[in-house]
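Colleague: Pasting a structure below so you can have a look.
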Amino acid sequence: MDLMFLTPVGAVLAILFAVMMAARVLKFSEGSDKMAGIAMNIRKGANAYLKRQYMIVGIFFAAMFLILLVLGFSTDFITPFVPFAFITGGFFSGLSGFIGMKIATAANARTANAAKEGLNRGLRVAFSAGSVMGFIVVGLGLLDLSIWYYLLKYGFSLPIEQVTSAMLTFGMGASSMALFARVGGGIFTKAADVGADLVGKVEAGIPEDDPRNPAVIADNVGDNVGDVAGMGADLYESYVGSIISASALGVSAFSHIEAVSGDQAVTIPMAMAAIGVIASIIGSFFVKTKENASQKSLLSALRRGTNLAAILIAIIAFPLVWFMLGQDYIGIYGAVVSGLLAGVGIGFFTEYFTSDSYKPTKDLAETSKTGSATIIIGGLSLGMKSTFVPVVIVGASVLVSYFISGGASDPGLGLYGIAISAVGMLSTLGITLATDAYGPVADNAGGIAEMAGLDPEVRRRTDALDSLGNTTAATGKGFAIGSAALTALALIVAYTDHIEEINPNFVFDLSIKNPAVLIGLFIGGMLPFLFAALTMKSVGRAAQSIVMEVRRQFKEIKGLMEGKADADYAACVDLCTKSSLREMIAPALIAIIAPIVVGLILGVNGVVGMLAGATVCGFLLAIMMANSGGAWDNAKKYIESGKLGGKGSDCHKAAVVGDTVGDPFKDTSGPSINILIKLLSMVSIVFAGVVVTFSIL
């Protein structure tokens, strides 16, 4: 029996569940006219930004489509399907982020209004909105995979080896879109956030989300275009990337084994992802909490849903592997469990290092007693230290997955096991992403509660949800970064397999003594730092323009500080839009150009070295930046809850500075690096034929 039918079924189920959750959210009231008006301004700003972003990205995709079209129809470097796969990958990646943003901007005022009635009601609205994001990502991802699989296999009657080879290339489109969305949205949101905090909180001494702050609407718009639309495109890319890389390696691993066909090997990751949809739907119904719940209770509520989904996958994956591959290859199931456990482990330790319920963030808050310098030093130290455990977890997962899958006797099976462990880690993405995406909704709800002058108790509830959202967002980034490392390893192997398909006589020399490999390692290790430097500087430049604009309005608009005049919110939104779209181009182009240039100069061996260096350094740098930023943010919120003098104290001012530094760490540079390391591999695979033919070395 062919279980591949589960993939389109899973896609339909996920999309239908997302529609159901969206309908549930829209049934709630937006509250007063003032609340609805604020939400409308946020929606307009987010829509205007995405419209302009997609126009710019559309130009890039059109140019790349033409280049790939020429290569596909006039040379043997790529198949004619590649340019079209590139477009669909980018389209679905962008669409998933756009839909998530639309529901998030519809849910913010509704969450604030629901929080009037209680904490659990506010959580349900925000989590339902986050569920739309989570399930639309997996639904569209599985839909894209299903369309290409059935089109290539039955429409064009291609052998399974060519099917997976062609499907592998649409990951380049998804990764390209994700990088533009993550970088552009990240620059927007953090420029607005930094500008609003530096002038509003530190200089003017007014509360966060105070309507007198001209950057307050831009800040709330940024939460949606960066933390929702950008994140959705990001995790769409992670999700499909892990599935197609596992599929390609499965075909290669079982090519010499008569008992198992390549189709069966492809079915495992596809069907597992579909089963993950069902497990995530079941888990989402168990996310609820009591009133006046502590942060630990709120975390437990979300963890209950994600853990249940992981347990269900662990149970169902066993008969799936047994039925498809037989008992001789049941070790592949061990790789699935290894990936699930690695995901849970990374999630827990990310939570440990970033949540104010635990010692590291509490200790970080204590360093604010001696000023902003010590809290910045403490945050950097915490982030660096936090890389230790994820590396051990990922290393253990790779080791277990490789050997339990049969890598000792057949390296191909071991590598397939590593790729399958990444699929296992992301199989519950529907609910994992829901717990992540709900955070920006809660953040927006808090802003609306403040601007609309709601009861302080409402703001206390939304702040509790927002603080939880910071932790779950950090956990979501941990999942994305961990899976990126495993997927990137799989893609490096897929690249070497692809080279051997192009030129069966090619002999790799990946020794550290090979100068091309050594230089490639250094270049690859440098790329994440260069990328992070460019994105950080972009946030700084964009934030400077917001700081100057906010200062200008405070100075020139009479009565603004007294609350007798309205701020010009549109000016800040427009500044952020122009700055972020201009600044996102250079970092994104690095990932496209670097593999081609390195390949043409250093050859295939140099590219493998570059991919290895980028994966190792990118993985560590991404974790460090994401966890430092999350800890700084929650240390600030810990103080704002009344600890160490509370809001307005010297400790609070120091914590605001730390949080300001951490904003681009956790929401721009850090999460974008995991896309970078996979896009480098995707581009390398697509242009492998060009490199083999024209490289100097």
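The values are calculated or read from the model by the stated rules, or taken from the named source; none is laboratory data. Keep in mind that what you see is a predicted model, and the values were worked out from it rather than measured. Methodologically, a virtual Cβ is constructed for each residue, glycine included, from the backbone with ideal geometry; neighbour enumeration extends over all protein chains shown.
Colleague: So which pairs qualify, if the first residue must be in the stretch 121-135 and surrounded by fewer than 24 Cβ atoms within 10 Å (Cβ to Cβ), the second must be small (Gly, Ala, Ser), the Cβ gap must be under 9 Å, and the two must be at least 6 apart or on different chains?
Modeller: From residues that are surrounded by fewer than 24 Cβ atoms within 10 Å (Cβ to Cβ), the pairs are Arg121/Ala114; Arg121/Ala115; Arg124/Ala114.
Colleague: When the stretch 639-652 is examined, which residues are found to be assigned to a helix (DSSP H, G or I) and modelled with pLDDT of 90 or more?
Modeller: Ile639, Lys643, Leu644, Gly645, Asp650, Cys651, His652
Colleague: With the requirement that a residue be closer than 25 Å to Leu95 by Cβ, at pLDDT 85 or above and not aliphatic (A, V, I, L, M), what does the stretch 187-224 give you?
Modeller: Listed by number, the list holds a single entry, Phe188.
Colleague: Report, by residue number, each residue of the stretch 74-104 that is among the aromatic types (Phe, Trp, Tyr) and assigned to a helix (DSSP H, G or I).
Modeller: As a first pass, look at the stretch 74-104 and keep what is among the aromatic types (Phe, Trp, Tyr): 77, 81, 84, 86, 91-92, 98.
Within the stretch 74-104, Phe84, Phe86, Phe91, Phe92, Phe98 meet the criteria.
Colleague: Would you check if there is a residue in the stretch 247-266 being modelled with pLDDT of 90 or more, under 21 Å from the mean Cα position of the chain (by Cα) and either within 20 Å of Asp410 (Cβ to Cβ) or surrounded by fewer than 24 Cβ atoms within 10 Å (Cβ to Cβ) (or both)?
Modeller: Scanning the stretch 247-266 turns up no residue that is modelled with pLDDT of 90 or more, under 21 Å from the mean Cα position of the chain (by Cα) and either within 20 Å of Asp410 (Cβ to Cβ) or surrounded by fewer than 24 Cβ atoms within 10 Å (Cβ to Cβ) (or both).
Colleague: If you check Gly609 against the conditions, is it crowded, with 16+ Cβ neighbours inside 10 Å, within 30 Å of Ile512 (Cβ to Cβ) and touching a residue at least 60 places away in the same chain (Cβ under 8 Å)?
Modeller: So Gly609 passes the test.
Residue-by-condition table, conditions (1) at pLDDT below 90; (2) surrounded by fewer than 24 Cβ atoms within 10 Å (Cβ to Cβ):
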| position | (1), (2) |
| --- | --- |
| Val391 | no, yes |
| Ala396 | no, yes |
| Tyr402 | no, yes |
| Gly407 | no, yes |
| Leu415 | no, no |
| Val423 | no, no |
| Ala437 | yes, no |
| Asp443 | yes, no |
| Asp455 | yes, yes |
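Colleague: Condition first: surrounded by fewer than 24 Cβ atoms within 10 Å (Cβ to Cβ), among the charged types (D, E, K, R) and within 30 Å of Arg124 (Cα to Cα). Can you find one or more residues in the stretch 471-480 that meet it?
Modeller: no
Colleague: With Phe170, Phe127 as the choices, which residue is among the aromatic types (Phe, Trp, Tyr) and at pLDDT below 85?
Modeller: On the way: Phe127 fails: at pLDDT below 85.
Answer to the selection: Phe170.
Colleague: Taking the stretch 279-307 only, how many residues are outside any loop (DSSP other than H, G, I, E, B), modelled with pLDDT under 90 and more than 16 Å from Asp436 (Cα to Cα)?
Modeller: Qualifying residue count, the stretch 279-307: 2.
Colleague: In addition: Could you list, in sequence order, the residues of the stretch 107-120 that are touching a residue at least 40 places away in the same chain (Cβ under 8 Å) and either of a type in the set (Val, Ile, Thr) or at negative phi (or both)? Break it down into steps so the answer makes sense when it comes.
Modeller: Kept after step one, since they are touching a residue at least 40 places away in the same chain (Cβ under 8 Å), are these residues of the stretch 107-120: 107-116, 118-120.
If the condition is that a residue be touching a residue at least 40 places away in the same chain (Cβ under 8 Å) and either of a type in the set (Val, Ile, Thr) or at negative phi (or both), then Ala107, Asn108, Ala109, Arg110, Thr111, Ala112, Asn113, Ala114, Ala115, Lys116, Leu119, Asn120 are the ones that fit.
Colleague: Kindly list the number of the only condition in (1) at pLDDT 90 or above; (2) within 30 Å of Leu575 (Cα to Cα); (3) of a type in the set (Gly, Ala, Ser) that fails for Ala14.
Modeller: (2)
Colleague: Here's something else I'd like to know. Tell me, which residue of the stretch 307-323 that is within 14 Å of Gly339 (Cα to Cα) and in contact (Cβ under 8 Å) with a residue 40 or more places away in the chain is surrounded by the fewest Cβ atoms within 10 Å (Cβ to Cβ)?
Modeller: Among residues in the stretch 307-323 that are within 14 Å of Gly339 (Cα to Cα) and in contact (Cβ under 8 Å) with a residue 40 or more places away in the chain, the one surrounded by the fewest Cβ atoms within 10 Å (Cβ to Cβ) is Ile313.
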